[in-house]
1. Which loop-located trypsin sites (Lys or Arg not before Pro) does the range 119-197 contain, where loop means any DSSP state but H, G, I, E or B and the Cβ has at most 12 other Cβ atoms within 10 Å?
2. Sequence neighbours fewer than 8 away in the same chain don't count; with that in mind, list the aspartates and glutamates whose C-alpha is under 17 Å from LYS533.
3. Can you pull out the trypsin sites (Lys or Arg not before Pro) in the range 493-567 that DSSP calls coil and that have at most 11 other Cβ atoms within 10 Å?
4. Add +1 for every Lys or Arg and -1 for every Asp or Glu among the other residues with Cβ under 14 Å from the Cβ of GLU291, and state the total.
5. If you put +1 on each Lys and Arg Cβ and -1 on each Asp and Glu Cβ, how big is the dipole of the range 455-516 around its Cα centre, in Debye rounded to 20?
6. What accessible area per residue, rounded to a whole number of Å², is obtained for the range 504-567 using a probe radius of 1.4 Å?
7. Lys/Arg Cβ at +1, Asp/Glu Cβ at -1, dipole of the chain taken about the Cα centre: which of ALA176, ILE504, VAL516 is farthest positive-ward?
8. So what is the 222 nm mean residue ellipticity for the chain from helices alone, if each DSSP H run of at least 4 adds -39500 (n - 2.57) and you divide by all residues, rounding to the nearest 500 deg cm²/dmol?
Amino acid sequence: MLALVLLTGLALGCSGKTNEGGSEGSNRPSASSNEAGEPVTLTIFGGLVNNGALQGPFQNDDVMAELEKRTNVKLDFTSTLNVTDASQKLAVMLAGKDLPDIVVFNALTDRDKVYNSGQAMPLDDLVAQYGQDIQKNAGEALALYKQMNSDESHSLYYLPGKVGGDDYSPLVNQNAWNLRWDLYKQLNHPKLDTLDDLLDVLEDMMKLEPVNKFDKKNYGLGLNLSDDWGHLMIDKATANMRGMVQANYNDWYYDMSKQQIVPRVSDPEGIFWESMKFYNKAYQRGILDPESATLKFNAISEKYKTGRYFAATAYWSLAGADNQFIADGQSEKGFAPFLVDHNEENIYIVQAFASGDQYQMFIPKSSKNPEAAMKFINYLYTYEGAKLLQNGVEGKQYDVADGVPLLKDSEIEAIQNDPNHYLKTGVGKYIHLARFTPHEDPQGDPVNFTNVPETLKKMALPVQLDFMEHYGYDSVNEAFTNIPNYKFDTSLMSAVNPEAGSDIQAKKEQLDAYLVANIAKIIYQKTDDAYEKAKQDFLDAYSSKGAAEVFDYYKKTYDELVASLEP
C-alpha cells in the first residue's frame with residue numbers, strides 16, 4: 001500500500017494531501033456545498049446501515065437536519081423505502097432505467113449488474129469542478145478506481161466509501177466469533193480450541209437457555225442464506241481466524257501466511273468447506289436454526305435481539321442485541337469476541353480500506369441534478385462531514401470542553417439503554433453513505449468521538465466491562481491485537497475485476513448464481529454420507545462451469561497489479 005501511495009501520489013501531484021483547512025471544525029456550510037436558497041432535493045438509493053431505519057421518504061433526525069443545513073440538500077429516500085432485498089430492488093431499477101440522483105450499492109454482490117448496465121455517469125469533469133475535497137482526501141482511491149473499476153476510457157464512474165480508515169474498535173469485534181458471555185461464564189469458561197469445541201459450547205448454552213422470554217425455541221446460531229451474500233457468513237469468522245481475507249470475488253482468499261491468493265469455494269480441502277461441514281454438523285445436532293435456508297438478514301438480526309441465538313460471526317450482525325438486553329432489564333446478558341481455532345501468527349480481524357470499502361457510489365446518467373449531487377457528495381469527503389455522520393451535532397449529541405469533543409452523559413446513557421436511539425439521532429444510521437472515515441483529523445484528534453479516552457471508558461457496556469475485568473484486558477480486543485498480524489488492507493483485492501461483457505465475467509456470474517442457489521442444500525443434508533455426496537456433486541458442477549479459469553484470472557490479475565506497484 002505504501003507503493004500504491006507513492007505511485008498514485010506522483011500521478012496526482014498534491015491530490016493525496018489531507019484537507020488541512022476549509023470547513024474543518026465549523027458548523028457553517030462547506031465551500032463545496034450547494035448555494036444558499038431553497039434546498040435542492042436529491043433522490044437517493046441505499047446509504048443506510050439497514051433499510052428498516054427509514055421512517056419515510058425524508059428523515060428528520062438530528063444528523064440529517066444538520067446535513068441539510070450545511071449542504072442545502074434534502075435527501076429523498078423513496079426508492080429505498082420498504083426494501084427487504086436491496087440487490088433485487090437495484091436490479092429492477094437498472095432494468096427499468098429508473099434510477100435516482102445518487103446510488104449507493106454493494107460492489108461485492110452488485111458490481112457486475114451495475115457496471116454492465118452502463119448507466120453510471122463519467123465523473124471526471126464534475127470532480128474537477130466541484131470535488132476539491134474528494135481529490136484532496138481520496139486521491140489515491142480515485143486513481144485506483146480509474147485504473148481498475150472503469151472501462152477502456154479509464155474514466156471515473158464510481159466513488160469509494162470509507163476511504164482512509166479501518167473497522168477497528170476497542171469495544172467490539174466485527175470479524176470474529178462473538179458468543180453470549182453470560183452463558184459462557186455459567187459453563188465455567190470451556191475451551192474453544194476447535195470448531196467442534198464451539199459446537200459443544202453452543203449445545204450446552206442451548207440447555208442453559210432453551211427458550212427466550214417469548215417462549216420461542218433458541219438455537220446456537222443462524223444464517224441468512226436467503227440473501228445473495230448470505231454464504232459469505234458461512235466461513236467469515238473461521239477464515240478470519242486462520243488469516244484468510246475474503247473480498248470481492250467469491251472463490252478466492254488472500255492467505256496472510258502464504259502472502260498469496262488461494263481458492264475459496266473450489267478447494268475441497270479448504271476452510272470454506274471446513275466451515276460448511278461445521279454448519280452441517282450444527283444442523284444435524286439441532287444447533288443451527290432450521291429456518292436459515294429461507295432467512296434474510298433482517299430476520300436473523302431480530303432473532304439476535306430477542307435472545308434466540310448465542311453466537312455470531314460478526315458483531316454488526318447482532319443488530320444491537322446487547323443494547324436490547326439492557327433495555328429489557330437484562331444488562332448481564334450480552335456478547336463478547338473469542339479466539340476460536342486460530343492461527344498463532346496471522347488473523348484477519350481488522351479490515352483496512354485506504355482506498356475504500358465495497359459500498360461504492362455513482363451518479364446515474366439520468367440524474368436530474370448531477371452538479372448538486374457532486375457538491376453534496378464532496379461534502380461527505382470532508383473531515384466535517386465525516387464527523388457529522390459519526391458523531392451527530394454539537395450541543396445535542398456532544399459538547400466541546402477545552403477543545404475536546406465529549407459525548408453527553410445523557411447521550412451515552414441513551415445509546416446503552418435504547419437499541420433504536422440511532423433512529424432518533426441519525427448517528428450511525430447512514431453508515432454506507434460515509435465516504436471518508438479517517439481515524440484522526442489534521443490536528444491528531446479522533447474523528448469518531450467515541451474513541452476520545454474519557455468517552456471510551458463510559459461507553460463500555462456492563463458485559464464488556466465484566467469480560468475485560470475477568471481477563472485483565474484493557475480493551476475487548478486485546479487477545480486479538482496480541483497476535484502479530486491482525487490487519488489487512490483489502491483495497492487491491494477490491495480493485496480486481498474482469499472486463500464488463502467478457503467471457504470471464506460471464507462465467508463468474510454463472511458460478512456466483514450456482515453458489516447462491518445450491519449452498520443451503522449441502523448444509524441441510526441429514527447424514528455425513530449424504531453431505532459428502534452433495535458436496536462432491538456441487539464441486540463437479542462448479543468446476544464444469546469454469547471455476548479454475550476464473551480463479552486463474554483473478555490470481556494473475558492481482559499478482560500483476562501488486563507487481564506493477566512494487567517499484
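The values are calculated or read from the model by the stated rules, or taken from the named source; none is laboratory data. In this text, all values refer to a predicted model and were calculated from it rather than measured experimentally. Backbone-built Cβ (ideal geometry, glycine too); neighbour counts: all protein chains shown. Calculation scope for accessible area: heavy atoms of the full protein, side chains included, ligands and nucleic acids excluded. Shrake-Rupley method; radii C 1.70, N 1.55, O 1.52, S 1.80 Å.
1. Of the trypsin sites (Lys or Arg not before Pro), the ones in loops of the range 119-197 whose Cβ has at most 12 other Cβ atoms within 10 Å are LYS191.
2. Excluding near neighbours in sequence, the set is ASP267, GLU269, GLU274.
3. Those that pass, being in a loop and sparsely packed, are LYS526.
4. Around GLU291, the surrounding residues sum to +2.
5. Roughly 120 debye for the range 455-516.
6. That works out to 52 Å² per residue.
7. VAL516
8. -12500 deg cm²/dmol
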